[in-house]
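Taken together, the values in this text are just the output of simple stated rules run on the coordinates, not laboratory data. Just so we're clear, the structure is a prediction, and the values are computed from it rather than from any experiment. Neighbour counts run over all protein chains shown; Cβ positions are idealised from the backbone, glycine included.
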Amino acid sequence: MDHDPDRLVLWPSYFDARRSRRSGRRVAKDASVKKPDLDGLYAAARAVGLRKIKREANVSRPLAPHAKEGRLIVSRAGALEDAGSSSKEEIMQMIGGTWREQRRTAHEAEAKQQSSKEHQRSSSKGGSASKGRSFKRRGFKR
């Protein structure tokens, strides 16, 4: 890989909340996520407004050659015009904050949908069970 000063390389492990700063996390805890993946990183970068992005799947980070986590390559000039910053640290913080917010929103929507399903099941069980009991009380045989 040749050095290109316009290219910023972002690895999903930079955003891993389970890692310490010493073991490779590059963003603050409030801008990190659990179990980061390349697709989530790409979606968060797009949500920030970055357009000049390239995804490379199944690429290993040099510090962890056994893990094929993939990487995102961002154009520094494109980031400056799209997001207003060409600093790698600022771009990572923006992406991390957006990614965490996306995960939180998705989790809340999933929890709301799950509670709605449970409410529907419990209300439908109650209605059918009461009909069966009243039928038995009258002494009719099934």
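Return the aspartates and glutamates within reach of K35: Cα separation strictly under 12 angstrom, same-chain partners fewer than 8 residues apart disregarded; answer none if there are no such residues.
D16, E69
What per residue convex hull volume, in Å³, do the alpha-carbon atoms of the chain yield?
So the per-residue Cα hull volume is 170 Å³.
Over the residues of the range 1-77, compute the C-alpha Rg and express it relative to 2.2 N^0.38 Å.
In units of the 2.2 N^0.38 Å rule of thumb, it is 1.07.
Could you give the size of the charge dipole of the chain about its Cα centre, using +1 on the Cβ of each K and R and -1 on the Cβ of each D and E, expressed in debye and rounded to the nearest 20?
The calculation lands at about 1860 debye.
For S85, what residues show an amide H to amide H distance below 5 Å, using hydrogens built from the backbone and excluding near sequence neighbours?
It is L80, by chain and number.
N58 to D6: FRET efficiency via 1/(1 + (r/R0)^6), r the Cβ-Cβ distance, R0 22 Å, to the nearest 0.05?
Once rounded, the FRET efficiency stands at 0.40.
For the chain, what is the relative contact order in percent, using Cα pairs closer than 8 Å and at least 6 residues apart in sequence?
Computed value for the chain: 25 percent relative contact order.
Of K54/K88; K29/K112; K34/K112; K34/K68, which ones are farther than 23 Å apart at the Cα? If you can, show how the numbers build up before the last one.
Values: K54/K88 16 Å; K29/K112 26 Å; K34/K112 21 Å; K34/K68 17 Å.
Distance filter (> 23 Å) returns K29/K112.
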